[in-house]
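Enquirer: Structure in structure tokens, see below.
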Amino acid sequence: MRADVSPEERQSVEQALAAGRLTVVDPATGYHRSMYAACPRDGSAAAVWRIARGAGGAVIELTMHCSQCGHEFKAAREAIFLR
Ligand SMILES: [Zn+2]
């Protein structure tokens, strides 16, 4: 699994979280891409499990859940990738 996050991807994630959204629409395809982070235990793509919202509804904290091993962890927003 890739570990790098492109600058464009990071910017899209930042904008979506600031707007309180957990998906990013790909302008080329119109497809909604969801946010994932790599599980620190096994590297699997873990989906968003819980969020905390701040002022204006912005998403300020993301807790991920790995469906492979059940691990829950808080993801740094720099570590969020889309697919
Ligand atoms: Zn895991």
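The values are calculated or read from the model by the stated rules, or taken from the named source; none is laboratory data. Only a predicted model underlies this, so the values are computations on that prediction, with no experimental measurement involved. Counting neighbours? That spans all protein chains shown, and the Cβs are built from the backbone with ideal geometry, glycine included.
Enquirer: Being in a loop (DSSP other than H, G, I, E, B), among the basic types (Lys, Arg) and modelled with pLDDT under 95 is true for just one of ARG41, ARG2, ARG21. Which residue is that?
Expert: On the way: ARG41 fails: modelled with pLDDT under 95; ARG21 fails: modelled with pLDDT under 95.
When all the criteria are applied, what remains is ARG2.
Enquirer: Something else about it: VAL13: away from the ligand (no atom under 16 Å from the Cβ), within 12 Å of ARG77 (Cβ to Cβ) and assigned to a loop (DSSP other than H, G, I, E, B), yes or no?
Expert: Working: away from the ligand (no atom under 16 Å from the Cβ): yes; within 12 Å of ARG77 (Cβ to Cβ): yes; assigned to a loop (DSSP other than H, G, I, E, B): no.
No; evaluated as a whole, the condition is false for this residue.
Enquirer: May I ask you to verify whether ALA37 is in contact with a strand residue (DSSP E or B) (Cβ under 9 Å, 6 or more places away or on another chain) and more than 22 Å from PHE73 (Cα to Cα)? Write out each step before concluding.
Expert: Numbers: in contact with a strand residue (DSSP E or B) (Cβ under 9 Å, 6 or more places away or on another chain): yes; more than 22 Å from PHE73 (Cα to Cα): no.
Taking the combined requirement at face value, the residue does not satisfy it.
Enquirer: If ALA18 satisfies all but one of (1) small (Gly, Ala, Ser); (2) touching a residue at least 12 places away in the same chain (Cβ under 8 Å); (3) over 23 Å from ARG53 (Cβ atoms), what's the number of the condition it fails?
Expert: Every condition holds for ALA18 apart from (3).
Enquirer: Further question: Any residue in the range 51-66 that is free of Cβ contacts under 8 Å to residues at least 40 places away in the same chain and within 15 Å of ALA37 (Cβ to Cβ) sitting within a Cβ distance under 6 Å of a residue that is basic (Lys, Arg) and assigned to a strand (DSSP E or B)? List the pairs, counting only those 6 or more apart or interchain.
Expert: Cβ pairs passing all conditions: THR63/ARG50; THR63/LYS74.
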